[in-house]
Structures are given as structure tokens and as C-alpha cells.
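Below: one structure, written as C-alpha cells.
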Amino acid sequence: MEAEKKSEETPEKGAPAVKAKESGETFVEAFKQNLMGILIIARTDIIAHLKSPRMAILMVIFIFTVLSGAYFFAGMAADYTEAQPPEFLVWTYIVNLDDDTYPDDMLVITTDTTGKSIGDVTISLFHLNGTLYEKETTDEVGRTIFYDIDPQSYLNSHKGDYVEMYRPVITTEKQMYQFLSEMELYVQTQVADLDEDNVADDVAILVLNERLEPVPGATVSGGFDQDEESTNAYGLYREYNLLKDNYEYEITWNEVVAVDEAEILNDDMDIENLLNLQGPDDVLMQTAGLFIVMIVPIMAIGISFDTISREKISKSVVFLLSRPIGKRSIAAGKFIGSLTALAIPLTVISLVGVGIISMKTSESPSGGFVAGFLVITIVFTAIFVLLQQIFSTLAKTTGNAIMAGISIWLFFYIFFGLIILLINQLVGNQFLSTEYYELSNKLTLFSPTGTYGFLMVLISPTAGDTPIGITSWAPALSFTLGFVILFILSMELFRKRPYL
Amino acid sequence: MIVTNKLTKVYGGFFGSSVLAVDNIDLEVDRKDIFGFLGPNGAGKTTTIHMFTTVLEPTSGTAEICGYDITKSPLIAKRKIGFMPEMPGFYDWLKAEDQLKFYCDFYGYSRQESKTRAKELMELVGMGEFRNRKIKTFSHGMRKRLALASAMVNDPEILILDEPMGGLDPMGVHSFREMIKELNRNDITIFLSSHLLPEVQQLCNKVGIINRGKILAVDTIDNLSRKVGLESFTRLTIDGKGLSEKVLDFIKTIPGVAEIRVNSQRERGYTIIVNEGIDIQDLAGVLNEKLVKRDVYLSRLEQAKPNLEELFMKITRGS
């Protein structure tokens, strides 16, 4: 009866827009109305969050942690010098070749990294003041001689584009006379990147006899493994991937013993190498993996712990629920509001961080990696905002909501690793075995913190290997599923709550 | 305007014990009614109201607002109503006007329209000068007024007021009563729940009484009174030496006089029963003027209206 009356008696009163159809609301109208409501709630929340002193405090924490982390790591990357594998080795021997009284002549031998001679290398000898003293080119057996050289000089050598710069020859006259003119064995060690792993942690030793000819089969002992080994057919001995240290070598040939030493300055176990900080991309990845992953959940908890509970406690939710908007849309609007309010400053500060990294390492991280990092970080933020919003919906008091948020953060950040260890132990996987890694990686997909790390590794231009035991799309799937499930859950829980 | 059919709400029940808060209620509120919804604490008033505003979902049964089912077309139904909760909560950090503009946004008002509407509403509830004050500085009475303004943003057809005058001082109650009457004159149907029975009696043309989730009675106050045996009457007692048949016949011709009865010996004199709707003071004046020269005087004036409180107690106790 009322419905009939309505159509003739009541003129269309009330607000403009969205005219009601007599038959009831259609899906499209409801969708439009809800979308509008979501945007209104989100907008109001964004403004409220951005103006709140709480946001300022959280951002100070974020700026301090992330920017100092990026600055520190970028500094480490800038200090790290990457070794270039040599195209040839230059060996110099100060000897007496012109039969005057002084050993002031220099034999220069150029070889490849196996000790085989390389000819046609130009060797330039300079005074220390930088003026050219003499210039020679090695012959087909890779040799050339400079006679009566000035004690204070240095040389550089080049073949084509490859240049070996400024090798000091000898600096003082006194040093020069320390060389004995009646040597029976000439031994020289060089530290270089012989295995082309970009670390100068390999040693080459060239052994020559008293006639300055290569000595194959000389015994070399000492060094890293203390084994006795022999020089190759070109008189060269090589040892690879030594740790940072001083090494002594004893070379024996025909009962003649010579001693030399080598110092390794950079090795694979350096802290720089442990974090793999070889450039701006690595710095960004490590800053994200160590600092952002830790601090973002705190930001999310700090912003969204009371988004719902405050509305419930102040009863403003009742007013909101009586507006033409669905309950799910209110929850969605609240979520979008919190996330956007966080994402704006996080993006700005992260880009400042990228700027710092570029300045310190004098190279920018690749654009695609930065974009991917921002997207992944925002989804990561969204997951924690949703978790916290769910707690805010369920908890009776705001305090409980905070405690639940901090607990879940601790759970993923610390305890999840312990649980993985425990499960590995229960199924009998040996620590650090392949099975151990496979199972651990699979389980890590259930943790947003761990999955965030996987994704950063996967999209990184420098460290793009898929962790073993999982497929390359698994972390992205885990992230997406986690987000979707939590999003739906947050809306449904909000819908189901009684608000009295 | 509001029609419910076996509307029911059960709380809990999934793990714990369930509570039947609203039990199969059938209600009908007509256009331009001021409907008073009465019941003791915990009777189910607020639960019912929250189902109308879709804050709560009914467990079973239906409710229609202006012909729109609240579960099938909740958004349209909500556009038709304005709701003022018992404990209005706001975003305290906002200015009153901004809060109203926020609510306006949900109905698709333009920026300018929202602004004008917010200003209008603040004037309507008598708070024009506080438009730009932050809500956190507001007193209880001011919050109530702002709540009424918030309920009015969409110019609703039905205004649902949950305890609108609760906790207000007498001045506040008075001005709220006047505002509600004024809104009703402007074609707005009012559905109000209240504990303040005298207010309900003064305002409402129809009441519904609810207890323990069940509707006990829905009718006008007069009809209900008659049903439970609470009569309303107005009577005057006259006495004096000049009383005669002739005088009594004359009195019967005065407009408003229904009947004259002879009193008992002890009480003496006659009782004049007055028609309903007659202003007793006016009639007394007329009688005095005409009778005093005939040596007849008014000895007593009695007026008994059905007492809503008594009515309420009788009905709820009966349940």
C-alpha cells in the first residue's frame, strides 16, 4: 500500500544525483554509489592521516632508518673496487744486463694469464714527475729491455685498448742496490683477477732461471693450501680465490730456494661482498631487504591500528553506516585511505633514498628496478595495513588492536624463521642441505616479509636467480593471493560486526 | 512510509547463547505521522531502529522504507531517511560545517551545494554561529543539535530519531520539540524513540509500545487509553442558590457543554461534562460571565487526560 502511495504522493525529495528506479536499485547504480562513498571516505581519511602528528612521528622514524641505511650501504658500495680481469700480465726484473757494475737495467716480460708470452705490448717508462723517459714495444717472445734506468721512475703498458697503469718500478737508489747481481732464481708474484670473478684474489708466480728463462716444473709450496705444486710449461704457478691475508711462497728448483710473498687485499668474504654491494641496484635491494621490510609494518600498524576501532568507540560509525554506502565499501574506503596516506610519503622518501644512492655511488639504480621496488613495497604496505585493519575491526579496545599488530609483525619478522627451522628439524632435513633450503623457501612464501625479500631478489637486475625449491612466479602469486584474501576478509569482518 | 513484516533480529548464537532482540514485529508508520516508539531499556527499540538504517541486518522478516526493501535496496532506502543516533559520534577534529559537508558528499551534492546545505542546516538547528568551531569543543546539547543537522543533510522523507531529547536541559527539550514539529509541518515523517513520555505525548499522533522484542500495541494515545480503560474527561462543578431547571436548560445551550449530571447529596450541585477538544479555560470564562448574575458559581474545575506513563506501565506490565 505504501509503495503505491509513494509514487503519486511523494515528489522526489532529497539529494540530487542517482535517481532511484521504482523497481529498486540496480547493480550499476549501487556500484557507482559505493564507489563514490569509497572515494569520499578515503579522501577524508587521507587528509586526516597526513595532518596527524602521528604520521609526522612515523615518517621521522622511516626517514631516519631508511635514508641512513641507504646512505651507509651506498657508502660501502662506493668504497668497493671491482677488479678487472687482466688481458696480460707485465713482469719486471731489475738486473745487470749491460755488464756495468750496477743492476740498473730492466727486463720487461709480457705474458697472458697462463704465462704464455704476448708480444707487441707497448711499455712506457716515465719519470716520477710524469715526463716520458723511454718507450719500447715487446718482441714476439714478449720481452724488452730498458738499460740504465733512472731509479725514480714508473711504467705503464698498453696493448690495444687495454692499459695497465702506473706500476711503480723502484723508488729509491738504496732499494735498487738491494737486488743481488748474482741471482740463481728470479721469482716474482702478482695478485690479479685470474679467474675473472671480478675479485683480485688470485696469485700468479713467474719463475725464471739465472739466464732469465722460464722454469717449468719448479716446486711451489706455501700459499693458501700449503700443498706442493709445480710451475707450468711457461714457468707460471697460479692459485685462485684466496682469502684476505699475506701469503708466503717457497720456490725450489735444482736445490735453489727462493722466497716471495703476496698480499690479498679484497676477497669474497669481505662485508661488501657478503651483501653483494657492487652497485646502486645492490644498495637499493639491500636497503629494502634489511630496513624497509622491518620498518614498513611498523608504519602500517601506526597508521591503521585505530581506523575502525576509533569509529566504533566514538560511535561515528553509526552515522557513517546510515549513509547510502555499503558496509564493505566503508571498510574498503578506510583501507584505501590508510594505504594512500602511507604510500605518498613512503614513495617520496624512497625516491629521496634512490637519489642518495645515486649520489654516493655516482650511478643510478635502473629505472625498472626502482619502479618494481615501489610497487612491491606498496603491496607489502597494503598487506600490513589490511592485517592491522582486521585487528582494528575485531579488537574490543584500541590497545588490543596495537598489541595484535605488533605480535603479527614480530611473528613474521622473527618467529617465522624459528618455525621454519623447527619444521625442518621435525622432517629431518640436515641444516643448510639442499632439502633444507627447498623446504625453507617454500615455507617462506607464507610470510609477507620473506616473500618481499624473494620478490626484491627476483626483480633485481644483478641478483635475479630464483631461490631453489620454488618457481619464479610463486612469490608474486603468494603476494597477490595474500593481498586479495586479506582485502576480502577485512570487508567481510567489518560487515559482520554488530555496531551497538 | 515504514512497513515492517515479521521483522526479527537475533544476536549471537554462533558459539554463545543467542538473544532474541526483536521478535516478529509488524509496524506501519504513515506519511506525516509523528510516531513515538516506546519501551523500557533493552526492549529492542534501538535494534529496530538500527535495522531501519541498515546498521544491523535483520535475521528474518522485512522492512520497507518508502516502498524500498532495506535488504534488497539498502542504498535507496537510506537516501530516504535521516537518522539521528542516541549517542551521536563525529570526527571531533573536524569543524562542524566540514562534518556536514562530508555527509553531504555521500548524496552527490556539488561542492557549492554542500557548502550551502551545511550552512542552512547549522542555521536550522540554531547553531549558525558555531559553524566553524571544532566539534571537540561542543557540549552535549550542541552535539545533539549537530546530530539533527547531520540527519537532515539529504532532506529526508523520514526522520528517525533515537532518544533525541535524552540528556537535554528543559530549554533544549523545548527547542527540539519545536524543531521536530516544524520539520513535520514541512512534510517529514518522524519516527522517534524516547523515554521522555510527556514529550512523546505532546508530539506524537501515534505510538508503538515494544517490550522484550515484541510490539504490544500500536495506536493513537487516546485509542490506547480507551482500550486499557484510561478515560479522558473534563468537567466543571456548579453550585449556588440560583440553580433551577431554567438555568440548567440555558447551560445546555452553551457550545461545548455535552451533558449535565446531578451530583450526590454529599457533593451537592451539578457536574457539567464538556465536549472533547474544548478549551476548558475559555468555557469556564463564558460560564462565569453568564451565571454569576443568576447567583450560580463554578465550584470546581477538573481535567483528566489519559496519562501516557500510566498507559505505558499498564501495557508493559501486562506483557
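The values are calculated or read from the model by the stated rules, or taken from the named source; none is laboratory data. What you see is a predicted model, and the numbers here were worked out from it, not measured in a lab. Cβ: placed from backbone, ideal geometry, glycine included. Neighbour counts: every protein chain shown. Heads up: the accessible areas ignore ligands, DNA and RNA and are worked out on the full protein's heavy atoms, side chains in. Shrake-Rupley method; radii C 1.70, N 1.55, O 1.52, S 1.80 Å.
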**OP:** Please give the residues from the stretch B:106-135 for which the solvent-accessible area of heavy atoms, probe 1.4 Å, is smaller by at least 30 Å² with all protein chains in place than with the chain isolated.
**Re:** B:106, B:107, B:108
Original post:
Does the stretch B:182-262 classify as rounded, prolate or oblate by the C-alpha gyration tensor (a ≥ b ≥ c root eigenvalues; a/c under 1.5 gives rounded; else a/b over b/c gives prolate, otherwise oblate)?
Top reply: prolate
Original post:
Among rounded, prolate and oblate, which fits chain B when a ≥ b ≥ c are the square roots of the eigenvalues of its C-alpha gyration tensor, a/c under 1.5 means rounded, and a/b larger than b/c means prolate?
Top reply: prolate
Original post:
Given a 1.4 Å probe and no ligands, DNA or RNA in the count, how much accessible surface is buried by B and A, both sides, to the nearest 100 Å²?
Top reply: 4300 Å²
Original post:
Roughly how many percent of the accessible protein surface of chain B is carbon and sulfur, given a 1.4 Å probe and a whole-percent answer?
Top reply: 48 percent
**OP:** State, to one decimal in nm, how far the label point of residue B:155 lies from the label point of residue B:11, with both points 7 Å from Cα in the Cβ direction.
**Re:** 3.8 nm
Original post:
Quick one: Kirkwood hydrodynamic radius for the stretch A:210-333, alpha-carbon pairs, angstrom, one decimal?
Top reply: 21.4 Å
Original post:
Got a sec? Which residues of the stretch A:287-330 lose 50 Å² or more of accessible surface with every protein chain in place, vs. that chain alone, 1.4 Å probe?
Top reply: A:318, A:319, A:322, A:323, A:324, A:327
Subject >> Over 19 Å between alpha carbons, listed pairs A:312/A:496; B:246/B:290; B:144/B:206 >> reply: B:144/B:206
Subject >> Range in chain B, longest, excluding exposed GluC sites (Glu not before Pro) [loop by DSSP; at most 11 other beta-carbon atoms within 10 Å] >> reply: B:1-230
**OP:** Determine which residues of the stretch B:105-125 fall in the zone a paramagnetic label at residue A:314 would reach in this model, i.e. backbone nitrogen under 18 Å from the point 7 Å along Cα→Cβ.
**Re:** B:105-106
Original post:
Of all trypsin sites (Lys or Arg not before Pro) in the stretch B:81-186, which ones are in loop regions per DSSP and have a Cβ with at most 15 other Cβ atoms within 10 Å?
Top reply: B:133
Original post:
Within chain A, what is the longest stretch that has no GluC sites (Glu not before Pro) placed in a DSSP loop and near at most 14 other beta-carbon atoms within 10 Å?
Top reply: A:256-500
Original post:
In whole percent, how big is the carbon plus sulfur part of the accessible area of chain A, probe 1.4 Å, protein atoms only?
Top reply: 60 percent
Subject >> Dipole-positive endmost among B:173, B:198, B:39 within chain B (Cβ charges, Cα centre) >> reply: B:173
Original post:
If one puts a single equal scatterer on every Cα of the protein assembly as shown and applies the Debye formula without solvent, what log₁₀ I(q)/I(0) results at q = 0.06 Å⁻¹?
Top reply: -0.64
Subject >> Listed residues A:145, A:317, A:71: farthest to the positive end of the dipole of chain A (Cβ charges) >> reply: A:317
**OP:** Considering the options A:126, A:187, A:46, tell which one lies farthest towards the positive end of the dipole of the protein assembly as shown, charges being +1 on Lys and Arg and -1 on Asp and Glu at the Cβ, about the Cα centre.
**Re:** A:46
**OP:** Leaving out ligands and nucleic acids, note down the accessible area per residue over the stretch B:100-257 with a 1.4 angstrom probe, in whole Å².
**Re:** 44 Å²
Original post:
Which value, in debye to the nearest 20, describes the size of the charge dipole of chain B about its Cα centre when Lys and Arg Cβ atoms bear +1, Asp and Glu Cβ atoms bear -1, and nothing else is charged?
Top reply: 340 debye
Original post:
What angle, in degrees between 0 and 90 and rounded to the nearest 10, separates the Cα long axis of helix A:474-496 from the longest principal axis of the Cα atoms of chain A?
Top reply: 20 degrees
Original post:
Just the accessible area per residue of chain A, please: how many Å² with a 1.4 Å probe?
Top reply: 48 Å²
Subject >> the stretch B:1-84: chymotrypsin sites (Phe, Trp or Tyr not before Pro) in DSSP coil with no more than 16 other Cβ atoms inside 10 Å >> reply: B:14, B:15
Subject >> Between 0 and 90°, nearest 10: helix A:448-459 axis offset from chain A longest Cα axis >> reply: 50 degrees
Original post:
Nearest 10 degrees, 0 to 90: what angle lies between the long axis of helix A:434-444 and the longest principal axis of chain A (Cα atoms)?
Top reply: 30 degrees
Original post:
Mean separation of Cα pairs under 8 Å and 6+ residues apart, divided by the residue count of the stretch A:396-472: what relative contact order is that in percent?
Top reply: 24 percent
